[in-house]
Amino acid sequence: MLSCEFNIDTACVELKYSDGTMISIDTIAVENEVADNMYQRSELDWLIYNAPLEYADLILNGDPETYLKTVTEYKLLD
């Protein structure tokens with residue numbers, strides 16, 4: 001892999017490989033599919049902006065629903 005970064009123009013995390021191939025992960029589609037609330041979307045957004053490689057690994061090789069259930073903190077508004 002040559003690079004992994006978030007492209008704000010396309011809202012995709014893009015992985016580029018030395019053989020010329022590229023994988024583009026549509027972050028909006030992922031959020032619509034796996035995030036049930038604003039707290040889970042916030043967790044995914046943090047990964048997208050701060051750790052795009054870990055985000056890509058989670059989406060391509062992991063279980064994002066289980067990840068979100070374990071890391072998301074819910075705070076009730078009064």
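The values are calculated or read from the model by the stated rules, or taken from the named source; none is laboratory data. Computed from a prediction, not measured in an experiment: that's the story for all the values here. Cβ coordinates were reconstructed from backbone atoms using ideal geometry, including for glycine residues, and neighbour counts include every protein chain displayed.
Scanning the stretch 12-22 for residues that are over 13 Å from Y55 (Cα atoms) and either of a type in the set (S, T, N, Q) or in contact (Cβ under 8 Å) with a residue 12 or more places away in the chain (or both) gives K16, Y17, S18, T21. Could you go through the stretch 47-60 and let me know if any residue there is under 25 Å from S3 (Cβ atoms) and at pLDDT below 95. No, because not a single residue in the stretch 47-60 is under 25 Å from S3 (Cβ atoms) and at pLDDT below 95.
Of all residue pairs spaced 6 or more apart or on separate chains, those with beta-carbon atoms under 8 Å, a first member in the stretch 39-68 that is farther than 15 Å from L15 by Cβ and a second member that is basic (K, R) and not in a helix (DSSP H, G or I) are Y39/K75.
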